[in-house]
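The values are calculated or read from the model by the stated rules, or taken from the named source; none is laboratory data. Just so it is clear, the structure is predicted and the values come from calculations on it, not from any experiment. Cβ placement follows ideal geometry from the backbone for every residue including glycine, while neighbour counts extend to all protein chains displayed. The area values use the complete protein model at the heavy-atom level, side chains included, leaving out ligands, DNA and RNA. Shrake-Rupley method; radii C 1.70, N 1.55, O 1.52, S 1.80 Å.
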Amino acid sequence: PQGANKYEMSIVAAREARRLNNQLRMNGETETSSAKVTTLALARALHHEVTWQYVVSSAPVPETPALPPTE
C-alpha cells in the first residue's frame, strides 16, 4: 500500500513541502501561521491527503545536465 515504505513517505513529504513553499512564495507570504511547512507536509502525507503515483518510463531521466565534451 502507498505509504508503507518510510523512504517513499519522506520523498512524498519533501515534494509536498516544496509545493507548499512555492505556493507561499507565489502568494507573497513567507511562512505559514501555525506550523513549519515541512511539518505540515509530513502530516499531510501521513494522513493520505497527498496523492501520488509512479510513472514508468522507458528511459531514465538524468538528474544533472550532461557536461559538454572536452577536447
Q) Tell me, which residue of the range 18-50 that is of a type in the set (Ser, Thr, Tyr) and modelled with pLDDT under 85 is surrounded by the fewest Cβ atoms within 10 Å (Cβ to Cβ)? A) 33
Q) What is the number of the single condition among (1) open to solvent by 100 Å² or more (accessible area, probe 1.4 Å); (2) at pLDDT below 85 that residue 15 does not meet? A) (2)
